[in-house]
Each structure stands twice: as structure tokens, then as C-alpha cells.
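This report concerns only the one structure given below.
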Amino acid sequence: MEFDLYNIVILMIAFWWSGFVRAGLGFGGAGLMYPVALLAVDSILFLVPIICVQLLIFSAATLIKDHPLIDWKTLGKIFVTLLPTFMIGVFGLITLPANLVLYTVYAVIIYYSLTYIFNINTARLGKWLDYPVLLAGGYVSGLSLSGAPLIAAVAIKKLEKRSVRASLFVLWSVLVIMKLSTLYIYDVDLQLRHQLWLLPCALVGHLMGLRVHDRLMMVEGPAFYRWLGAGLLAVCLASIARNFLT
């Protein structure tokens, strides 16, 4: 796939944003970058392998320092719960029509943008909803790696504040290895050549996100999420409009 200058700039911004969000929040790096990236490309399948490789690299780098914070017991329970639907989602990415995958991702992104705008704390869901939410998060993660906010909504309730990011990074790494293995078996192009110019963008975002994460450990900022949601919704709607016009 070849890109003109416009597409290159958009993708560089998207992957910078992905690294920033992933390091800052511990989740959402894929889901929150899709609206930007989809302004330049119209294939989730193109983006997923690039995101997978970057997530493995930056998660490993972060866990070198944060590995004592991992809650292995809780992490294991979450993984076993979402694994079946994750695998269903993985194969759905291969077999479902591209437009169905695309608009499923749009729907998930819009939902989360609205929860941020109206400050709806999905982490306070009742215990009886934990299981179906994890199942849904597993499926969407398998489909497009944008189900992290769903999984995190439950995980945040069960994990200590300091262990959330480290524990989720382990979970994302395991899921990503499974995802990449499946894509490789199906001879999907892993787009490794594009890492040469997109990985540095994600690195800059990652380093900036680490500083934000340290601050988020000390304060809460509903206004930050509200602005984030508004921007996310605007860009997502722009992506949908662009898709209809082309």
C-alpha cells in the first residue's frame, strides 16, 4: 500500500496518539487511534498488525520496571473469561465483510466517546454485568483490538489502582501474540516495513504518555476525558463522512 503526503501525516499523528494513550491510560491505544487512522486508510486489517507489534514492544519496555505491580491472580481470571469470545473475534476479522468490521469499530468508538463526554463511569457496573462485558470486550478485541475499554471497565474494579496498567499490559501482550500468530497462519501481511516510520511516532507518544500516567496516578480529571470524548466523536464522524463520500 502506497501513501501520499496527506496519508503519511495522518498516520504519523494516529500512531503518535496511539502510543500516548496506551502509555498514559494503560488501555485504549488502538480504539482511540482508529478514527484518526481511518481518515488515511479504510482497512482495519492493515492497521491491526502494526498496532500489535508496537504494543508488544512498548508493553515489554514498560513491564521491565512495573512487573512487581502485576496482579497475576486477577489477571488469570479475566483472561479465562474473555478468551472464547476473543478467538471468535479473531476469526471474525478474517471472514467477516470489511464494511461490517469497519462499522462495528465505529459503533464501539462512538459509544466510548459518549461515555467520556457525559462522564459515565462504566467501571461502576454491577457485578452481574462483569461477565457479559468481558465477553463483549474479548470479542471486539479479537475483531479489531478496540475492546480494551470494555475489558478495562471490569478490570479497574478488580485491580488496585497502581496495578491496573501493568496487569493490563500483560493481558494485551498475551492477546496480541495470539492475534499475530493467527494473522501469520492466514498469510496476512504484518506490514513490518511500515514500522520503520510509524514506530518512532508511537515512541514519542509513548514517552509523553508515561509522564501523563504519573500525573493521573495523583489526580482525576473528568474534564480531560470530556474533551477527549468530544474530539474522538468529531474525528470519528469525519471518518464516517469520508467513507460515504469516497
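What number of residues within segment 183-237 satisfy the criterion of being more than 28 Å from V90 (Cβ to Cβ) and not in a helix (DSSP H, G or I)?
Result for segment 183-237: 5.
Residues that are among the basic types (K, R) and in contact (Cβ under 8 Å) with a residue 12 or more places away in the chain: does segment 176-191 have at least one?
yes
Any idea which residue in segment 107-138 is modelled with the highest pLDDT, counting only those that are within 15 Å of K158 (Cβ to Cβ) and of a type in the set (F, W, Y)?
That would be Y131.
For segment 169-178, state whether one or more residues are within 19 Å of L102 (Cβ to Cβ) and surrounded by fewer than 21 Cβ atoms within 10 Å (Cβ to Cβ).
no
In the list L228, L237, L216, which residue meets the criterion of being aliphatic (A, V, I, L, M), over 17 Å from M33 (Cα atoms) and out of contact with any His (no Cβ under 6 Å at 6 or more places or on another chain)?
Just one listed residue meets the conditions, L216.
Please go through segment 21-47 and pick out each residue that is surrounded by fewer than 24 Cβ atoms within 10 Å (Cβ to Cβ), under 12 Å from the mean Cα position of the chain (by Cα) and either polar (S, T, N, Q) or modelled with pLDDT of 90 or more (or both).
Of everything in segment 21-47, nothing turns out to be surrounded by fewer than 24 Cβ atoms within 10 Å (Cβ to Cβ), under 12 Å from the mean Cα position of the chain (by Cα) and either polar (S, T, N, Q) or modelled with pLDDT of 90 or more (or both).
I'm checking my understanding of the structure. Among residues of segment 1-20 that are modelled with pLDDT under 85 and out of contact with any Phe, Trp or Tyr (no Cβ under 7 Å at 6 or more places or on another chain), which one is surrounded by the most Cβ atoms within 10 Å (Cβ to Cβ)?
Applying the filter and picking the extreme gives F3.
When you scan segment 62-69, do you find a residue that is in a helix (DSSP H, G or I), crowded, with 16+ Cβ neighbours inside 10 Å and among the acidic types (D, E), even just one?
Yes: segment 62-69 contains one or more residues that are in a helix (DSSP H, G or I), crowded, with 16+ Cβ neighbours inside 10 Å and among the acidic types (D, E).
The values are calculated or read from the model by the stated rules, or taken from the named source; none is laboratory data. Computed from a predicted model, the values in this text were never measured in an experiment. Don't worry about glycine lacking a Cβ; one is built from the backbone with ideal geometry, like all the others, and counts go over all protein chains shown.
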